[in-house]
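Undergrad: Structure in structure tokens, see below.
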Amino acid sequence: MIKVTNVHKNFKEVKAVNGIDLHIQPGQYVALLGPNGAGKTTLVEMIEGLQHPDVGEIQIMEKRWKDHQEELHRIIGLSLQETRFVDKLSVLETLRLFASFYGLGGKRIQEILDLVNLEEKKKSFVVNLSGGQRQRLALGIALLNEPEILLLDEPTTGLDPTARREIWDILKSLKSSNNTTMILTTHYMDEAAYLCDKIVIMDSGKILAEGTLEQLLSKHKKGEVISFETNGPIPPDQLPGGDKIIKSVIEPVANKGEIIIEDLVSYLPSFLEFIKNQNLVLTSLECRKMTLDDLFIAMTGRHLNQ
Amino acid sequence: MIQQLSQLIGMHLKEFFREPGIIFWAILFPILMAWGLGTAFTKKNELIRTVALVDKQNTLSAREDFGRFFTGINPEKTAPLTKKIGNEKLGITTYKFERSSWEEAITMLKRGKISMVMELVEDSVKYHFDPVNPEAQLAYLQINGAFNDNNKTNQSDNISPLTQTGTRYIDFLVPGLMAMGVMMSCMWGISYSLIDKRMKKLLRRMVATPMRKSSFLIAQFVSRLLLNFFESALLLLFAYLYFDTNIQGSWLALILILIAGNMAFTGIAILVSCRTANTQVGNGLINLVVMPMMVLSGIFFSYHNFPDWIVSVIQKFPLTILADNIRSIFIEGAGLVEMGVPLLVLTGIGVVTFLSGLKVYKWY
Ligand SMILES: Nc1ncnc2c1ncn2[C@@H]1O[C@H](COP(=O)(O)OP(=O)(O)OP(=O)(O)O)[C@@H](O)[C@H]1O
Ligand SMILES: [Mg+2]
């Protein structure tokens, strides 16, 4: 459905997208997961035809932007990372405006109002909408033309859990009813895990890992995490276990750290021993299974939503 | 396509009419300006001017010529003496004669409170004033005339005052204000709207749909044209009701030249804002285009006082072309024939700037 081949995009010195290959099958929901500046928006906008790759090629249903602009606009629905619509236009008027670009009538507008649950707000000016309502309006506009391909850039950023849940439900139902293909960028791993079949983890313009959630997590075997705080500084280079540690992150000032380890049960006693020998006292200790965030830490040493 | 256009035009119009501040500046302001300037420079019936009267030897009360001049006024009193000079046709000026010392008189002169000093010498009068100051010259002529009692013989029968419509300042001003209104509305309205939409990323969102880019820009033009017609009509109506101004030439010519003017300034506005994503830079650019024309194009005062070579440059500004031609329709009774060339020139400017703007336009 979507084929991205060896795409590069630079802004002066910054390599925003640095050699990406991505193949997306019809009906697949794909999450682009990565920290700020990873290049998610740049990649998505190139797929949307709003930016052009310096190197590489993007094909959507075998078509390129250069030759099939009009046609591609018709099958793609999208929401940008931040769009502010006309302040003094009501929800209904905004939908009508965008509907006119696709030559759609009032029936579809009503369906959208019901779908994104803005019926009560249809007469309100866009300025007077809450953040969540605006995101729903943006989603509604993205869905107007019943797109085969949906490209959403951080559709739930800044929303409260209920509002996010609502958007997830809309997207979930779309998958079963319309067999839509979707790319969604996000900082939230639970969003990626809940909605998407395939997760692509990006950092610094590159893909670090991709696959289903299970595939990604199993790639690092059955990793487990010890997350702890102590009452004094921890010498990071003296941690026991050596090569059994997949990754450790110690924050010296905050006196806390995380260790990702293959086998928790065999490792934990030696870790406690080590703390005792350092004359430290644990103020908190948590052991859990590896999540996507931990996976990201394992790969880059940084947290995802930073 | 039609649906698209009408929705886009609707968007622009709603955006405009739902913003009270914009309505004030765009519509009320030109009318207020016409009213203010029109009254200030047209109704000159009640003029009061001050002249210093220097009487070193204190001989005023004894002078027979002054007794005649200030009939019925006791020159012993220190209250300022007044004298009305002029007649119905020329308008009457009330002169106030402020008795003062020479030093005081000079101070008043420097402060611009007076423009002439009248000094009593021996048995005649001496006038002190700057000969290149027209106001002082006029005061001298009027007072000297009245003083020598040739008031009755100054042949006012031969003077026919030009206060009929078409020759007053307001008749000069209203066409200029209409032209300026078109320019300001297009330049600020369109540029601002485009830059604002680009900044909000709305433009980017819109071009990611099958919307035609040309529809978007044409909608800008059409909605501005409608607004400007509305604005011009209000200004005309006001000038007609309040100042009794009339259009002596062809209405059709007026409508066509206004459309051409709108095209020219829409094109320029699109070109100015075609790559700017920042309101401040945008403001600067707009001012750069608008200001010189505001000042030079003869909106408020004729540009014919500039040196010839500057005049020939000024006459090529689109605002000058527009203002001069609206004016000639208004007051010279020009018709369609005279509009041929200016219509072509303005439309040409519009089309060329529009197309080059569209070509290099930064949609995202
Ligand atoms: N128009 C631009 N001009 C210059 N640099 C840019 C531009 N757009 C993006 N960049 C740079 O490219 C890099 C990737 O940006 P991008 O917006 O794709 O990140 P992102 O993954 O979407 O981040 P976020 O999660 O914060 O939205 C960043 O370092 C950014 O500063
Ligand atoms: Mg982004």
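Undergrad: Of A:211, A:270, B:190, which is farthest towards the positive pole of the protein assembly as shown's charge dipole, taken about the Cα centre with +1 and -1 on the beta-carbons of Lys, Arg and Asp, Glu respectively?
TA: Checking the options against the dipole of the protein assembly as shown, the answer is B:190.
Undergrad: Also, quick follow-up: Solvent-accessible area of residue B:104, probe 1.4 Å, all protein chains present, reported in Å² to the nearest ten, please.
TA: Taking all protein chains as shown, residue B:104 has close to 100 Å².
Undergrad: Still on this model: How large is the dipole of chain A about the Cα centre if only Lys and Arg carry +1 and Asp and Glu carry -1, each at its Cβ, rounded to the nearest 20 debye?
TA: Dipole magnitude for chain A comes out near 480 debye.
Undergrad: On a 1.4 Å probe surface of the protein chains, which of B:221, B:24, B:147 comes out largest in accessible area, and what is the full order?
TA: From most exposed to least exposed: B:24, B:221, B:147.
Undergrad: Something else: How high is the relative contact order of region B:169-359, in percent, counting Cα pairs under 8 Å that sit 6 or more residues apart?
TA: Result for region B:169-359 is 39 percent.
Undergrad: Residues of region B:5-45 that become at least 50 Å² less accessible with every protein chain present than in their own chain isolated, using 1.4 Å: which are they?
TA: B:7, B:18
Undergrad: Checking an interface number: how much accessible area is buried between A and B, summed over both chains, with a 1.4 Å probe, in Å² rounded to 100?
TA: So the total buried area for this chain pair works out to about 2600 Å².
Undergrad: First check a/c for the protein assembly as shown, with a ≥ b ≥ c the square roots of the eigenvalues of its C-alpha gyration tensor; if it is under 1.5, answer rounded, and if not, answer prolate when a/b is larger than b/c or oblate otherwise.
TA: prolate
Undergrad: Can you give me the convex hull volume of the Cα atoms of region A:222-289, divided per residue and expressed in Å³?
TA: On the way: hull volume 5.0 nm³, N = 68.
Here the figure is 73 Å³ per residue.
Undergrad: Hey, another quick one. Please report the relative contact order for chain B, taking Cα pairs under 8 Å with a sequence separation of at least 6, and give it as a percent rounded to a whole number.
TA: 20 percent
Undergrad: With N set to the residue count of region A:1-112, report its C-alpha Rg divided by 2.2 N^0.38 Å to two decimal places.
TA: 1.24
Undergrad: Classify region A:105-170 as rounded, prolate or oblate, taking a ≥ b ≥ c as the square roots of the eigenvalues of its Cα gyration tensor: rounded when a/c is under 1.5, otherwise prolate if a/b is larger than b/c and oblate if not.
TA: Since a/c reaches 1.5 but b/c is at least a/b, the shape of region A:105-170 is classed as oblate.
Undergrad: Could you please state how large a percent of the accessible area of region B:194-268 is carbon and sulfur, counting protein chains only and using a 1.4 Å probe?
TA: On region B:194-268, the fraction of accessible area on carbon and sulfur atoms equals 67 percent.
Undergrad: Can you tell me the length gained on complete extension of the stretch residue A:75 to residue A:243, counting 0.36 nm per residue apart and subtracting the Cα distance?
TA: Gain in length upon complete extension: 55.4 nm.
Undergrad: Ordering B:188, B:251 by how much accessible area each has at a 1.4 Å probe, largest first, what is the list?
TA: Solvent-accessible surface, decreasing: B:251, B:188.
Undergrad: Take peptides B:226-235, B:307-316, A:85-94, A:30-39 and line them up by average Cβ neighbours within 10 Å, highest first, as a rough protection proxy.
TA: Averaged packing, sorted descending, gives the order A:30-39, A:85-94, B:226-235, B:307-316.
Undergrad: For residue A:206, tell me the accessible area in Å² from a 1.4 Å probe, rounded to the nearest 10.
TA: 100 Å²
Undergrad: Also, I was wondering about something else. Report, to the nearest whole %, how much of the accessible area of chain A belongs to carbon and sulfur atoms, 1.4 Å probe, protein only.
TA: Reported share for carbon and sulfur atoms: 49 percent.
Undergrad: Hand me the GluC sites (Glu not before Pro) from region A:1-81 located in a DSSP loop with no more than 14 other Cβ atoms within 10 Å, in residue order please.
TA: In loop regions of region A:1-81 (DSSP not H, G, I, E or B), the sparsely surrounded GluC sites (Glu not before Pro) are A:13, A:62.
Undergrad: Using the heavy atoms of the protein chains alone and a 1.4 angstrom probe, what is the accessible area of chain B per residue in square angstrom? It would help to have the intermediate numbers written out before the result.
TA: Numbers: 18270 Å² over 364 residues.
Per residue, chain B has 50 Å² of solvent-accessible surface.
Undergrad: Please compute the per residue accessible area over chain A with all protein chains in place, 1.4 Å probe, rounded to a whole number of Å².
TA: For chain A, the solvent-accessible area averages 45 Å² per residue.
Undergrad: Roughly how big is region A:58-189's charge dipole about its Cα centre, with Cβ charges of +1 (Lys, Arg) and -1 (Asp, Glu), in debye to the nearest 20? Don't skip to the end; give the middle numbers.
TA: Details: 18 positive and 18 negative charges, 38 e Å.
Computed charge dipole of region A:58-189: roughly 180 debye.
Undergrad: A follow-up question, please. Cut-off 10 angstrom, C-alpha nodes, Gaussian network model of chain A. Which of A:128, A:231, A:277 fluctuates the most?
TA: Result for chain A, Cα springs under 10 Å: A:277 fluctuates most.
Undergrad: Right, here's the next one. Under 1.5 on a/c is rounded, so check that first for region A:59-202, then, if it is not, pick prolate when a/b is larger than b/c and oblate when it is not; a ≥ b ≥ c are the square roots of the alpha carbon gyration tensor eigenvalues.
TA: Oblate shape, in that a/c is at least 1.5 and b/c is the bigger or equal ratio.
Undergrad: Could you put B:193, B:124 in order of accessible surface area, largest first, with the 1.4 Å probe and the full protein assembly present?
TA: The ordering from most to least exposed comes out as B:124, B:193.
Undergrad: About its Cα centre, what dipole magnitude does the protein assembly as shown give when the only charges are +1 on Lys and Arg Cβ and -1 on Asp and Glu Cβ, stated in debye to the nearest 20?
TA: Charge dipole of the protein assembly as shown: 720 debye, to the nearest 20.
Undergrad: While we're here: Which residue fluctuates the most in chain B, going by a Gaussian network model with Cα springs under 10 Å, if the choices are B:144, B:58, B:283?
TA: Between B:144, B:58, B:283, it is B:58 that shows the largest mean-square fluctuation.
Undergrad: Under 8 Å for C-alpha pairs, at least 6 residues apart: give me the relative contact order for chain A, rounded to a whole percent.
TA: On the way: 554 pairs, mean separation 62.3, N = 306.
So the answer I get is 20 percent.
Undergrad: Take every residue in peptide A:73-85, count the Cβ atoms of other chains within 10 Å of its Cβ, and give the average of those counts.
TA: Per-residue shielding by partner chains comes out at 4.
Undergrad: Out of all Cα-Cα pairs in chain B, roughly what percent, to the nearest whole number, are more than 26 Å apart?
TA: 62 percent
Undergrad: Quick one: how many Å² of residue A:29 are accessible to a 1.4 Å probe, rounded to 10?
TA: For residue A:29, solvent-accessible area is about 0 Å².
Undergrad: OK, next. Run the numbers on region A:44-71: which residues show a drop of 40 Å² or more in accessible area, chain on its own versus all protein chains together, using a 1.4 Å probe over heavy atoms?
TA: A:50
The values are calculated or read from the model by the stated rules, or taken from the named source; none is laboratory data. For clarity, every value in this text was computed on a predicted model and none was experimentally measured. In this analysis, Cβ positions are derived from the backbone assuming ideal geometry, glycine residues included, and neighbour counts consider all displayed protein chains. Heads up: the accessible areas ignore ligands, DNA and RNA and are worked out on the full protein's heavy atoms, side chains in. Shrake-Rupley method; radii C 1.70, N 1.55, O 1.52, S 1.80 Å.
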